[in-house]
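Q: Take a look at the following structure, please.
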Amino acid sequence: MIRILASHPGGYPRPPELRKAIDSYNAGKIIFVSLHRIWRNTMMKVIREQSEEGLDVLTTGHLLWDDIFRPFNKVWEGIEIPEVGNYYRFYELNFYYKRVKVKAPIVPKRPATVHEHEIASKVVPRLLKADLPGPLTFALHVEDDYYNDMDALMSDISKALAYEISYLAPLVDYIQIEEPALVDPEVKPEFKEMGIEYLNLMLRDVPIPTIVKTYFKPAEDVYELLLDLDADGLGFDLTVWNIDEFKAILIENGYPYDIIDLGATDALNVKLEPIEEMASKLYSIIDEIGVAEAHISANYRYDVLPYSYIRKKMRRLAEITFKLRELVEEG
Amino acid sequence: MSYKVPKILPTTVVGSYPKFPIAKEALKKYYKGEISKEEFERMIKEAIRLAVEDQINAGVDIISDGEQRREDMEVYFAERMEGFVVGNNPEDWVRIFDNVHYRKPVVVDKIRWKEPMTLIDWKYATEFSQGRPVKAIITGPYTMADWAFNEYYKDRNELIIDLAKELHKELKALYDAGARYLQVDEPALSTHPYKEDIDIAREALKIVFQGMEDAKKIVHICHGRVDKLFPDILDYPVDQFDLEFVNNNFELLKVIKEYDYASSGKELGYGVIDIHSKKVESKDFVKNAIYKVLEFMPPEKVYVKPDCGLKILGDRDIAFKKLKVMVEATKEVRKELGYEG
């Protein structure tokens with residue numbers, strides 16, 4: 001029987017008390033120990049919220065990450081963060097990431113996200129997922145003043161990420177890699193091939209299930225290329241991909257992985273998806289493929305939603321997942 | 001009092017101007033309930049007078065009210081139309097970068113225009129403009145939809161079209177009051193340069209500008225991948241595209257050339273001032289920029305202006321100096337072309 005889990009990609013809106021604490025810390029009004037205590041309590045809270053709303057696969061919420069690249073700027077040699085400016089739009093979102101500068105060979109000094117996963121792993125009541133950016137997406141979002149060579153840059157980024165994963169794997173149940181660049185039509189095909197090569201090197205010895213998550217674009221043009229990935233599962237953004245066309249691609253090319261991550265709910269809007277309709281569409285997909293696990297998820301990270309809406313969005317995701325389980329059981 | 005806009009290379013602005021302290025104080029005190037509506041209006045009117053005065057002193061031909069009353073270009077309109085909810089509590093806010101959050105409106109019901117939202121400020125500015133035309137500026141339906149959450153409408157296009165119908169009423173009120181430079185700001189369009197987006201924005205603009213044939217219809221688009229919108233937007237129902245050029249290091253000129261923009265017959269709002277940098281451009285920089293565009297465009301079709309609204313500079317002195325350089329450089333080019341003695 002297929003295992004159906006309610007999941008989410010990662011990220012979480014910063015609760016107001018944490019936002020206030022970060023501002024206070026940045027203004028020199030509180031010391032780091034105080035910020036750390038508030039962050040820790042807030043992380044416990046958001047883990048509890050994910051669980052209470054019915055999610056099965058939880059994350060730390062990445063509450064102190066300013067964007068998906070910046071847990072690493074403090075622990076990787078070779079990269080610098082510009083003091084002012086250098087903000088760029090992240091794809092088409094009204095959210096801006098800070099572009100770090102690569103000034104020397106990238107070498108990790110220590111893991112960046114292990115501490116939060118250590119804490120979470122002790123309290124999480126269900127499954128825990130760690131999430132990292134992929135080497136291709138990372139490489140395309142830095143200002144490279146050192147390598148001037150995509151291959152060399154991506155190679156060192158993937159080694160640094162593999163180092164991070166080696167610390168995370170004992171603490172979590174899944175490793176997810178965010179790779180929107182793989183489905184970005186503006187990224188050169190040779191870079192995508194390189195990205196897959198480095199992802200495979202990164203993931204080959206990981207002892208727990210790995211998922212490569214794509215978003216913002218359908219994967220139809222690169223689907224065959226994605227099948228070269230040595231991951232345990234792939235993730236797709238179904239808010240931008242017509243479900244019938246998605247099914248047709250799966251049927252035509254097959255789906256040789258154990259896990260599929262279906263980004264069915266829209267993390268970029270507060271509107272709630274209809275339960276029956278969405279569950280029925282998802283059922284029609286998993287009915288076509290023989291996977292061991294289906295992760296019903298949001299299309300994108302939760303950190304661009306307002307905190308006041310997040311519980312409703314998670315609850316709806318869990319309701320859709322529950323309904324889907326019923327449909328599967330009924331056959 | 002009448003004012004003669006130069007026949008070639010008129011100078012203009014995109015809209016916003018750094019907020020004067022009196023405007024900031026008025027907004028703060030009014031929302032805290034510390035001043036009366038009358039006092040608030042008096043203070044906003046004074047801020048607009050100052051913004052207009054600066055533009056006139058800099059020599060700008062077609063000016064704006066400086067958008068002194070507007071908190072931002074999205075929330076200002078959302079808070080004044082039915083159908084939107086704009087959360088005031090910290091948990092309703094959405095992260096835009098780092099730990100900075102903004103109030104992202106949510107569409108919870110059918111959009112309805114209630115009453116003019118920008119007319120009074122346009123009138124104040126016109127009162128002080130010494131005959132110079134004052135642009136009437138609103139945020140466009142595509143951007144209003146893109147920068148809001150949609151909980152109510154079945155799909156985004158339905159929301160955009162409803163917004164277009166309601167924003168048309170706003171523009172019509174300005175048009176009826178005598179505004180003849182009508183600008184619709186659509187910065188979000190350049191972040192989604194796809195056919196379906198370009199098509200729905202075209203349809204929406206047709207609705208917004210309907211029945212205003214004798215007015216100058218302008219659409220301002222900035223940031224993002226403006227180049228990717230060409231050539232599809234060239235048949236938009238507007239007289240002028242107001243675009244940024246400094247921010248893309250004049251790369252957009254290649255597109256103007258490639259798609260033979262001049263043959264579209266449309267005017268070009270040509271950005272020659274960087275609104276992200278506090279460094280004031282030299283006169284030579286602006287003149288060179290103007291001569292670059294004149295390789296592809298006739299001077300009577302080019303409006304010289306900053307890339308975008310000047311509010312982001314946050315410094316009135318710098319904004320003023322930038323406008324002054326822009327005007328002086330333009331005047332010199334006009335003279336060199338033999339159009340002005």
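Q: Taking the stated definitions as given, is A:T265 open to solvent by 10 Å² or more (accessible area, probe 1.4 Å), within 24 Å of A:I68 (Cβ to Cβ) and within 14 Å of chain B (Cβ to nearest Cβ)?
A: no
Q: Go through A:L282, A:L317, A:L327, A:L305 for me and flag whichever is farther than 22 Å from B:P105 by Cα, in contact with a helix residue (DSSP H, G or I) (Cβ under 7 Å, 6 or more places away or on another chain) and open to solvent by less than 10 Å² (accessible area, probe 1.4 Å).
A: The unique qualifying residue is A:L282.
Q: Condition test on A:I296, is it more than 14 Å from every other protein chain (Cβ to nearest Cβ) and part of a helix (DSSP H, G or I)?
A: Answer is no for this residue.
Q: Could you please find all residues in the range A:4-43 being within 11 Å of chain B (Cβ to nearest Cβ) and either open to solvent by 70 Å² or more (accessible area, probe 1.4 Å) or part of a helix (DSSP H, G or I) (or both)?
A: Selection gives A:P16, A:E17, A:L18, A:R19, A:K20, A:A21, A:I22, A:D23, A:S24, A:Y25, A:N26.
Q: Looking at A:Y146 and the list (1) in contact with a helix residue (DSSP H, G or I) (Cβ under 9 Å, 6 or more places away or on another chain); (2) closer than 18 Å to A:D230 by Cβ; (3) not in a helix (DSSP H, G or I), which single condition is not satisfied?
A: Every condition holds for A:Y146 apart from (2).
Q: Out of curiosity, is B:R69 assigned to a loop (DSSP other than H, G, I, E, B), at pLDDT 95 or above and among the charged types (D, E, K, R)?
A: Answer is yes for this residue.
Q: With the checklist (1) farther than 14 Å from B:G15 by Cα; (2) in a strand (DSSP E or B) in hand, flag the one item B:K305 doesn't pass.
A: (1)
Q: Scan the range B:94-120 for residues that are crowded, with 18+ Cβ neighbours inside 10 Å and either touching a Ser or Thr at 6+ places or on another chain (Cβ under 8 Å) or under 21 Å from B:L163 (Cβ atoms) (or both) and jot them down.
A: B:V94, B:R103, B:K104, B:P105, B:V106, B:V107, B:I111, B:W113, B:P116, B:M117, B:T118
Q: Then there is this: Could you identify the single residue in B:D185, B:D197, B:D232, B:D239 that is within 14 Å of chain A (Cβ to nearest Cβ), buried (at least 16 other Cβ atoms within 10 Å of the Cβ) and at pLDDT 95 or above?
A: Of B:D185, B:D197, B:D232, B:D239, the one residue that is within 14 Å of chain A (Cβ to nearest Cβ), buried (at least 16 other Cβ atoms within 10 Å of the Cβ) and at pLDDT 95 or above is B:D197.
Q: Just to check your reading of the model, which residue among B:K165, B:K206 is open to solvent by 40 Å² or more (accessible area, probe 1.4 Å), more than 12 Å from chain A (Cβ to nearest Cβ) and under 19 Å from the mean Cα position of the chain (by Cα)?
A: B:K206
Residues checked against (1) modelled with pLDDT of 95 or more; (2) surrounded by fewer than 22 Cβ atoms within 10 Å (Cβ to Cβ):
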| residue | (1), (2) |
| --- | --- |
| A:V100 | no, no |
| A:E118 | yes, yes |
| A:D131 | yes, no |
| A:L136 | yes, no |
| A:A139 | yes, no |
| A:D145 | yes, yes |
| A:N148 | yes, yes |
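Q: Then there is this: Just to be sure I understand, how many residues within the range B:33-67 are touching a residue at least 60 places away in the same chain (Cβ under 8 Å), hydrophobic (A, V, I, L, M, F, W, C) and farther than 19 Å from B:G131 by Cβ?
A: Of the residues in the range B:33-67, 1 are touching a residue at least 60 places away in the same chain (Cβ under 8 Å), hydrophobic (A, V, I, L, M, F, W, C) and farther than 19 Å from B:G131 by Cβ.
Q: Is it true that A:D244 is in a helix (DSSP H, G or I) and over 17 Å from the mean Cα position of the chain (by Cα)?
A: When the stated conditions are applied, A:D244 passes them.
Q: Exactly one of (1) in contact with a helix residue (DSSP H, G or I) (Cβ under 6 Å, 6 or more places away or on another chain); (2) buried (at least 19 other Cβ atoms within 10 Å of the Cβ); (3) part of a helix (DSSP H, G or I) is unmet by B:E91. Its number?
A: That leaves (2) as the condition not met.
Q: Go through (1) surrounded by 15 or more Cβ atoms within 10 Å (Cβ to Cβ); (2) farther than 21 Å from A:I4 by Cα; (3) in contact (Cβ under 8 Å) with a residue 12 or more places away in the chain; (4) over 18 Å from the mean Cα position of the chain (by Cα) and name the single condition A:K271 misses.
A: Failed condition: (3).
Q: Moving on. Determine which single condition B:I275 fails, assuming it passes every other condition in (1) in contact with a Pro (Cβ under 6 Å, 6 or more places away or on another chain); (2) at pLDDT 95 or above.
A: (2)
The values are calculated or read from the model by the stated rules, or taken from the named source; none is laboratory data. Since this is a predicted model, take the numbers as computed values, not measurements. All Cβ positions, glycine included, derive from the backbone under ideal geometry; neighbour counts span all protein chains shown. Ligands, DNA and RNA are stripped out before the accessible areas are found, and what is left, the full protein with its side chains, is counted by its heavy atoms. Shrake-Rupley method; radii C 1.70, N 1.55, O 1.52, S 1.80 Å.
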